[in-house]
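J.: Sharing a structure here in structure tokens format.
The values are calculated or read from the model by the stated rules, or taken from the named source; none is laboratory data. Remember, predicted model here, so these are calculated numbers, not experimental data. Here the Cβ is made from the backbone with ideal geometry for all residues, glycine too, and neighbour counts use every protein chain on show. Just so you know, the surface numbers come from the protein's heavy atoms only, side chains and all, with ligands and any DNA or RNA stripped out. Shrake-Rupley method; radii C 1.70, N 1.55, O 1.52, S 1.80 Å.
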Amino acid sequence: MNFLEERILKDGIVKEGNVLKVDSFLNHQMDIELLDKIGEEFHRRFKDKKITKVLTIEASGIAIACFAARYFGVPVVFAKKSKSVNIDGDMYVAEIESFTHNCKNQVIVSQKFLGTDDHILIIDDFLANGCALQGLISISENAGATIEGIGIVIEKGFQIGGKVIRNLGYHLESLAIVEDMDAATATVTFRNQGENA
Ligand code: 5GP
């Protein structure tokens, strides 16, 4: 079991509706030492790639992306959730369906900050159905950037996103993959990831 799986078992809370709450250490209160270890681990897994930018989505992805970017020595760009219907022409836009909030968000990235020379590492906290990632992939493709890899902190392996993204051919690394979880018994089971377990 790796350091993140241990922490999920210790402090994660399984909610009804396939939601894992990790807000005591990852996406509300943040354990900075853990985030640093996560950043270091993403660097270990993607250090052979030429990364020029880390791309994520607000809000929960930002802190994680920053710690990873620190190890690569590159900037972070985050997709902003935008309420405005009239987006001017200088933005890449994607529509993302939110798993946790059950609504649609338009997300935007300024064309100033992503372009054809960029080699992107996409980072996010969770992977469920893959909508957030599909939006970030679409923005990267519109920018003509190269996606070098995708790093996820917690993948829920019983939802479709991981399979879809891997089938599209992307190099996807999830630090913990939840195979199964049950709110009634408060149990979480992880996929065995071999040497990264
Ligand atoms: P997807 O777009 O892959 O369906 O969902 C990914 C997004 O939904 C993530 O950015 C994350 O913020 C949120 N999310 C999905 N599942 C969970 C979960 O079980 N717990 C928490 N805290 N967030 C989740």
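J.: Pairs of alpha-carbon atoms within less than 8 angstrom and 6+ residues apart define the contacts here; what relative contact order does region 3-190 have, in percent? Before the final figure, lay out the partial values.
T.: On the way: 364 pairs, mean separation 35.2, N = 188.
For region 3-190, the relative contact order is 19 percent.
J.: May I pose another question? Rank Asp118, Asp23 by accessible area, highest first, at a 1.4 Å probe radius? Walk me through the numbers on the way to the answer.
T.: Values: Asp118 20, Asp23 50 Å².
Correct descending sequence by accessible area is Asp23, Asp118.
J.: So, for the chain, what is the accessible surface per residue at a probe of 1.4 Å, expressed in square angstrom?
T.: Working: 9900 Å² over 197 residues.
Averaged over the residues of the chain, the accessible area is 50 Å².
J.: Using a 1.4 Å probe, how large is the accessible area of Ser140, given in Å² and rounded to the nearest 10?
T.: Number for this one is 0 Å².
J.: How much accessible surface area, in Å² rounded to 10, belongs to the heavy atoms of Glu95 with a 1.4 Å probe?
T.: Looks like 110 Å² after rounding.
J.: So, one more: Quick one: Cα convex hull volume of region 131-197, Å³ per residue?
T.: Dividing the Cα hull volume of region 131-197 by its residues yields 91 Å³.
J.: Accessible surface of Val77 in the full protein assembly, 1.4 angstrom probe, to the nearest 10 Å²?
T.: 20 Å²
J.: Next up: In square nanometres, what is one fourth of the surface area of the convex hull spanned by the alpha carbons of region 3-190? Before the final figure, lay out each step's value.
T.: Details: hull surface 40.6 nm².
That works out to 10.2 nm².
J.: Could you order Thr189, Thr52 by accessible surface area, starting with the largest, using a probe radius of 1.4 Å?
T.: Details: Thr189 70, Thr52 40 Å².
Sorted descending by solvent-accessible area, the residues read Thr189, Thr52.
J.: Give me log10 I(q)/I(0) at q = 0.11, 0.15, 0.24, 0.25 Å⁻¹ for region 56-136, Debye formula, one equal scatterer per alpha-carbon, no solvent.
T.: Result of the Debye calculation: -0.29, -0.54, -1.27, -1.33.
J.: Expressed as an acute angle from 0 to 90° and rounded to the nearest 10, what is the orientation of the C-alpha long axis of helix 60-72 relative to the principal long axis of the chain?
T.: 80 degrees
J.: Starting from region 24-115, pick out the trypsin sites (Lys or Arg not before Pro) whose DSSP state is loop and whose Cβ has at most 12 other Cβ atoms within 10 Å.
T.: Values: sites: Lys37, Arg44, Arg45, Lys47, Lys49, Lys50, Lys53, Arg70, Lys80, Lys81, Lys83, Lys104, Lys112; in loops: Lys47, Lys49, Lys50, Lys83, Lys112.
Passing sites in region 24-115 are Lys47, Lys50, Lys83, Lys112.
J.: Right, something else. Tell me the mean residue ellipticity at 222 nm calculated for the chain from its helices only (DSSP H runs of n ≥ 4, each -39500 (n - 2.57), averaged over every residue, nearest 500).
T.: -8500 deg cm²/dmol
J.: Right, something else. Springs between alpha-carbon pairs under 10 angstrom, Gaussian network model over the chain: which of Ile137, Ile160, Ile96 fluctuates most?
T.: Of Ile137, Ile160, Ile96, the most mobile in the Gaussian network model is Ile160.
J.: Hey, any idea what % of region 3-190's accessible area is carbon plus sulfur with a 1.4 Å probe? Can you show the working numbers first?
T.: Numbers: 4400 of 9210 Å².
Whole-percent figure for carbon plus sulfur exposure: 48.
J.: On a 0 to 90° scale, report how tilted helix 131-142 is relative to the longest principal axis of the chain, with both axes built from alpha carbons and the result rounded to the nearest 10.
T.: Between helix and principal axis, roughly 30 degrees.
J.: If you don't mind, there's one more thing I want to ask. Any idea how far apart Asp117 and Glu58 come out in nm if each label point goes 7 Å out from Cα toward Cβ?
T.: Distance between label points: 2.7 nm.
J.: Now for a separate question. Heavy atoms only, 1.4 Å probe, whole protein assembly: order Asp125, Asp11 by accessible area, highest first.
T.: Working: Asp125 15, Asp11 45 Å².
Descending accessible area places them as Asp11, Asp125.
J.: Using θ = phi - 60° and the Karplus form 6.51 cos²θ - 1.76 cosθ + 1.60, what ³J(HN,Hα) does each residue of region 177-189 get, whole Hz, x for Gly and Pro?
T.: Karplus values, whole Hz, x for Gly and Pro: 10, 7, 7, 7, 8, 9, 5, 5, 9, 6, 10, 10, 10.
J.: How many percent of DSSP beta bridges within the chain run antiparallel, rounded to 5? Before the final figure, lay out the partial values.
T.: On the way: 17 of 38 bridges.
Given both bridge residues lie in the chain, the antiparallel proportion sits at roughly 45 percent.
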